[in-house]
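Asker: Here's a structure for you.
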Amino acid sequence: MSSSTTPVQLFLLGRTLMKIGEESLPELPPGADTHRVGTRAALVVLSDLLGHPDTSVSAIAVRTGLPQSQVSGAVARLKDAGSIVTAPDPADGRRQLIRRAPHASERVSEVRVSRIDDALATALGTDDPERLREVTDALDVLARHLTPEAAGRLRP
């Protein structure tokens, strides 16, 4: 079976889906320190961590293509939010290994229960329940198959 979707269409779809996701996220609390790193970078780093636990800032930078300074800022933001924890690397005490936090923080719990309905309806330009259900069902299938671990298989 061959798809008629081109790489450019897939890339643009991914960008649109990222924008819908960003719009759906709950606002950060007032005064939250974002370490001058945007939501997108933090989510890229978190996605990489899901596929590569116990990793370093430099390894994340190589895999994601983000500058090391941006990865460091995202790690600091995610650590402040309680999404990740760091520990010294037993092989090199100067380096920190990063992994998901064992328990969800309040912010992580808030993000996990947020919904995409309003942002999706806005992006589609309709609140027609049948159309929203059709697109939501398609997104559910994609999310089930194209996980962060799947993306990790594309790059070493």
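Asker: Name the single residue, out of those in the stretch 130-145 being under 21 Å from the mean Cα position of the chain (by Cα) and hydrophobic (A, V, I, L, M, F, W, C), that is modelled with the lowest pLDDT. Working first, answer last.
Answerer: Our first condition is that a residue be under 21 Å from the mean Cα position of the chain (by Cα); within the stretch 130-145, this holds for 135-145.
Filter again for hydrophobic (A, V, I, L, M, F, W, C), leaving 135, 138-139, 141-143.
Values: Val135: 96, Ala138: 96, Leu139: 96, Val141: 96, Leu142: 94, Ala143: 91.
So, considering only residues that are under 21 Å from the mean Cα position of the chain (by Cα) and hydrophobic (A, V, I, L, M, F, W, C), the one modelled with the lowest pLDDT is Ala143.
Asker: Of all the residues that make up the stretch 131-156, how many are open to solvent by less than 100 Å² (accessible area, probe 1.4 Å) and in a helix (DSSP H, G or I)?
Answerer: Taking the stretch 131-156 first, the residues open to solvent by less than 100 Å² (accessible area, probe 1.4 Å) are 132, 135-143, 147-152.
Keeping just the survivors that are in a helix (DSSP H, G or I) gives 132, 135-143, 148-152.
Here the count works out to 15.
Asker: If a residue has to be over 15 Å from Leu49 (Cβ atoms), open to solvent by less than 90 Å² (accessible area, probe 1.4 Å) and assigned to a helix (DSSP H, G or I) to count, how many in the stretch 76-110 make the cut?
Answerer: Total meeting the criteria: 3.
Asker: Within the stretch 12-56, take every residue that is at pLDDT 90 or above and more than 16 Å from the chain's Cα centre (by Cα) and give me the one that is most open to solvent (accessible area, probe 1.4 Å).
Answerer: Leu12
Asker: I would also like to ask the following. Would you say Ala61 is open to solvent by less than 60 Å² (accessible area, probe 1.4 Å), closer than 22 Å to Pro26 by Cβ and among the aliphatic types (A, V, I, L, M)? Break it down into steps so the answer makes sense when it comes.
Answerer: Details: open to solvent by less than 60 Å² (accessible area, probe 1.4 Å): yes; closer than 22 Å to Pro26 by Cβ: no; among the aliphatic types (A, V, I, L, M): yes.
No, not satisfied.
Asker: Continuing with this model, one more query. What pairs can you find where one residue is in the stretch 85-112 and at pLDDT below 85, the other is open to solvent by 80 Å² or more (accessible area, probe 1.4 Å), and their Cβ atoms are less than 8 Å apart, with a gap of 6+ or different chains?
Answerer: Qualifying pairs under 8 Å: Ala104/Arg112.
Asker: OK, next. From the list Asp118, Asp127, pick out the single residue that is over 29 Å from Ile60 (Cβ atoms), outside any helix (DSSP H, G or I) and at pLDDT 85 or above.
Answerer: Working: Asp118 fails: outside any helix (DSSP H, G or I).
Being over 29 Å from Ile60 (Cβ atoms), outside any helix (DSSP H, G or I) and at pLDDT 85 or above holds for just one of Asp118, Asp127, which is Asp127.
The values are calculated or read from the model by the stated rules, or taken from the named source; none is laboratory data. The structure presented is a predicted model; accordingly, all values stated were derived computationally and were not measured. For neighbour counting, all protein chains shown are included, and Cβ atoms are generated from backbone atoms with ideal geometry for every residue, glycine included. With ligands, DNA and RNA removed, areas are computed over all heavy atoms of the protein, side chains included. Shrake-Rupley method; radii C 1.70, N 1.55, O 1.52, S 1.80 Å.
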